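Read-outs throughout are calculated quantities, based only on the coordinates presented, and are distinct from any laboratory measurement. Values in this document were obtained by computation on a predicted structure and should not be read as measured data. All Cβ positions, even for glycine, are placed from backbone atoms using ideal geometry, and neighbour counts span all protein chains on display.
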Amino acid sequence: MAIIGILGTPYNTVERSPFWWNKVSYTRQSFIDVFQELGHTVIVLPVDKTENIKNYLPLVDKIVLTGGADVSPYLYGEEPHAQLGTTDPIRDRFELAAIKAALEANKPILGVCRGLQLLNVYFGGTLYQDLSLTSSQIKH
């Protein structure tokens, strides 16, 4: 079976949180569980300096980009809208570097929620910064 590298979600701690004063990269247990149930080994990769992805990628067969903060609209040529949620430029840069490295290494990528949105942006797509900006009845 495969070794799955799940890119961690940064947790920006606040006072009185369980990880107060500490940077944390985490993933939902359900991601770990589903891949383990399929017989895979899971490694959570911390959000780090972009140059460090070259150290992590050889350890895994596939990567998973998970949900979280909104993708920065600057990445697809737009100014932030007032209804845009929180963004994380450090995570954006790291995950874009991971996508590039995984593609160059011919390693599969699974994008979930934000991860799929970032893949869309990587390949030149755009996003609605908030679902209220579309006339569609899309429910998330």
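Relative contact order of the chain, please, whole-number percent, based on alpha carbon pairs below 8 angstrom and at least 6 residues apart. Walk me through the numbers on the way to the answer.
Values: 220 pairs, mean separation 35.7, N = 140.
Reported relative contact order: 25 percent.
What size of dipole, in debye to the nearest 20, comes out for the chain about its Cα centre when the only charges are +1 on Lys and Arg C-beta atoms and -1 on Asp and Glu C-beta atoms?
Details: 12 positive and 14 negative charges, 44 e Å.
It comes to approximately 220 debye.
Restricting to the chain, what percent of DSSP beta bridges are antiparallel, rounded to 5?
For the chain, the DSSP antiparallel bridge percentage is about 20.
Taking only pairs that are 8 or more places apart or on different chains, how many Lys pairs in the chain have Cα atoms under 15 angstrom apart?
On the way: K23/K49; K49/K100; K54/K62; K54/K100; K54/K107; K62/K100; K62/K107.
Counting lysine pairs in the chain gives 7.
Membrane-span-like helices of the chain, defined as complete DSSP H segments with a Cα extent of 20 Å or more along the helix axis and a mean Kyte hydropathy of at least -1.0, are identified as 89-104. Counting only DSSP H runs of at least 4 residues, each contributing -39500 (n - 2.57), and dividing by the residue count of the chain, the helix-based mean residue ellipticity at 222 nm comes to -8000 deg cm²/dmol.
When the Gaussian network model of the chain links Cα atoms closer than 10 Å, the mean-square fluctuations of Y122, Y74, Y11 top out at Y74.
Neighbour counts of other C-beta atoms within 10 Å: give me R91, R28 arranged from fewest to most. Provide the component values of the computation, followed by the final result.
On the way: R91 22, R28 13.
Listing R91, R28 from fewest to most nearby Cβ atoms yields R28, R91.
A simple packing score, the average count of other Cβ atoms within 10 Å per residue, orders the peptides 46-53, 3-10 as 3-10, 46-53, with the highest score first. Database remark: amide H of V64 closer than 5 angstrom to the amide H of G5, I6, L7, L110 (H placed geometrically; neighbours at sequence offset of 5 or more, or on other chains; Pro and chain starts carry no H). For the modelled label position 7 Å from the Cα of L133 along Cα-to-Cβ, which residues of the range 60-85 have backbone nitrogen atoms closer than 17 Å? Inside the label zone: 69-85. Can you give the Rg to Rh ratio of the chain, both from alpha-carbon atoms, with Rh computed by the Kirkwood formula? Across the chain, the Cα-based Rg/Rh ratio is 0.98.
This ranking places S132, S25 by how few other beta-carbon atoms lie within 10 Å of each, fewest first, which gives S132, S25.
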